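Q: After the structure tokens below, expect a handful of questions from me.
None of the figures in this text is laboratory data; all of them are computed from the coordinates on show. Note that this is a predicted model, so its numbers are computed, not measured. Please note: Cβ atoms are built from the backbone with ideal geometry, for glycine as well, and neighbour counts cover all protein chains shown.
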Amino acid sequence: TAAAAAAIEVGGVKIARDDVVKEDDPTNNVPDTIFSKIGLQLHRRDSHPLGILKNTIYDYFDKNFAGQFDKFDDLCPLVSVKQNFDDVLVPADHVSRSYNDTYYVDSQTVLRCHTSAHQAEFLRDGHTHFLVTGDVYRRDSIDSTHYPVFHQMEGFRVFSPDDWSDSGMDGTAYAAADLKKTLEGLARHLFGAVEMRWVDTYFPFTNPSFELEIYFQDDWLEVLGCGVTEQEILKKNGRTDHVAWAFGLGLERLAMVLFDIPDIRLFWSNDKRFTSQFSEGKLGVKFKPFSKFPPCYKDMSFWINDAFTENNLCEVVRGIAGDLVEEVKLIDNFTNKKGMTSHCYRIAYRSMERSLTDEEINNLQLNVREAVQNKLNVELR
Ligand code: FA5
Ligand code: MG
């Protein structure tokens, strides 16, 4: 389309559609649905829930750290494999590097899958306190809390030996305690009283590592990952003998809880009935659904092949149905005597903005079936 052909500019970098989407290049797996999101920068719209949230988090850090945190929110999402993975010690064989999980522009360039891709460069530039907000990209499953483009805010704080020498703790324990205190304070600043819990986890770039979960819609929802930065990252970037903490917040996840937004697709809506409900500086206004449109479920069964992955299926479905697809869920799975494996997926179609007609849904499903067969080479049953 004409819109897709025009170059956009992000963080001073001009990006044309053909620089990012290369159908004939096997080292490229970026579809037009993803390209169309680059440059929208929802987090830079002051009246959008993500912008309101970003600004409220800025307020918290400004107040509690006397403006020491440097803020960045306009960095180009095209980064090198080195920035996205090597600089943060992601092992060569880690799944997140695969074409199944990450959008590759070419073998050396990706759409960043996390804002941690910028840690090393800011450290090298001498920053000790910084917040980096940006759109991040991941091939993933489809449901109400996962979307292939979402937004993160990275926080990073460096300590020197003077900071912890009088505390009676070692640097790592000191940083871990400061990290938890800082993020619990942020959670209270955003939510007031809310049920939350810390869960131990693993990240290649931090040790120890934690996730914070918040109770939402009758379940625990993971809203951030964090930890004490691996020494190797500090050493390699000019901070020998220092310690640091880092966190990565999922902005949509926090905003869903704060504004009662039931589905992650809504953040991308241009419908006035969505956008007009939010205004600059107003945190926690509860979203009122325009009306509840019914979902429509369609099942599809096929024999898979060795190359089949659920992420590939979701990409094909989204390529046809766009934001009309709400969920793709495996509901049956068996292997026959010949060793052939069958999967049955249930696709939920629902618009956030209007009722879908039977004809429209039947057409979508027909096109989805055809695309799944042709692009994934599976045998429909
Ligand atoms: C990371 O991305 C780490 N870089 C976070 C980090 C930074 C850890 C610094 C330690 C130090 P993770 O993959 O868990 O971690 O993602 C972080 C958050 O992003 C999650 O907690 C969740 O809130 C959000 N998130 C992850 N995947 C999605 C998705 N598909 N859609 C929406 N939000 C998502
Ligand atoms: Mg996680």
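Q: Once both labels are modelled 7 Å past Cα along the beta-carbon direction, what's the Glu280-Trp303 spacing in nm?
A: The answer from the label model is 6.1 nm.
Q: How would you rank 309-321, 178-190, 85-97, highest first, on the average number of other Cβ atoms within 10 Å across their residues? Let's see the in-between values first.
A: On the way: 309-321: 19.6, 178-190: 17.1, 85-97: 15.5.
The densest-packed peptide leads the list: 309-321, 178-190, 85-97.
Q: Tell me, what ³J(HN,Hα) does each residue in the stretch 170-177 have, in order and in whole Hz, if you take phi through Karplus 6.51 cos²θ - 1.76 cosθ + 1.60 with θ = phi - 60° and put x for Gly and Pro?
A: Karplus values, whole Hz, x for Gly and Pro: 7, x, 5, 4, 5, 5, 4, 5.
Q: Continuing with the same structure: Could you give the length gained on full extension between Trp198 and Leu40, defined as 0.36 nm per residue of separation minus the Cα-Cα distance, in nm?
A: Numbers: separation 158, 0.36 × 158 = 56.88 nm, distance 3.27 nm.
Contour length minus the Cα-Cα distance gives 53.6 nm.
Q: Using bins 20 angstrom wide from zero, how does P(r) for the chain break down, in % of all Cα pairs?
A: Result returned by the calculation: 26, 57, 17, 1.
Q: Oh, and also: Using the eigenvalues of the Cα gyration tensor, what equivalent ellipsoid semi-axes result for the stretch 40-154 when each is taken as the square root of five times the eigenvalue, whole Å, largest first? If you can, show how the numbers build up before the last one.
A: Working: eigenvalues 130, 72, 24 Å².
Gyration-tensor ellipsoid for the stretch 40-154: 25, 19, 11 Å.
Q: Using the crude model of +1 on Lys and Arg Cβ and -1 on Asp and Glu Cβ, and no other charge, please compute the dipole size for the chain relative to its Cα centre, in debye to 20.
A: Details: 42 positive and 59 negative charges, 150 e Å.
Magnitude of the dipole: close to 720 debye.
Q: Cα centroids of the stretch 108-161 and the stretch 312-344: how far apart, whole angstrom?
A: 30
Q: Let me ask something additional. Considering only the chain, what is the antiparallel percent among its DSSP beta bridges, to the nearest 5? Could you put the intermediate results ahead of the total?
A: On the way: 66 of 69 bridges.
Percentage antiparallel, nearest 5: 95.
Q: Go ahead and run the numbers for FRET between Phe293 and Asp241, Cβ-Cβ distance against an R0 of 51 Å, rounding to 0.05. Can you show the working numbers first?
A: Values: r = 58 Å, r/R0 = 1.14.
Once rounded, the FRET efficiency stands at 0.30.
Q: Can you tell me the length gained on complete extension of the stretch Glu370 to Asp271, counting 0.36 nm per residue apart and subtracting the Cα distance? Before the final figure, lay out the partial values.
A: Numbers: separation 99, 0.36 × 99 = 35.64 nm, distance 3.05 nm.
Difference between extended and current length: 32.6 nm.
Q: Once you have the Cα-Cα distance between Asp218 and Ile331, take 0.36 nm times their residue separation minus that, and quote the gain in nm to one decimal. Mind dumping the intermediate values first?
A: Details: separation 113, 0.36 × 113 = 40.68 nm, distance 2.22 nm.
Working it through step by step, the gained length comes to 38.5 nm.
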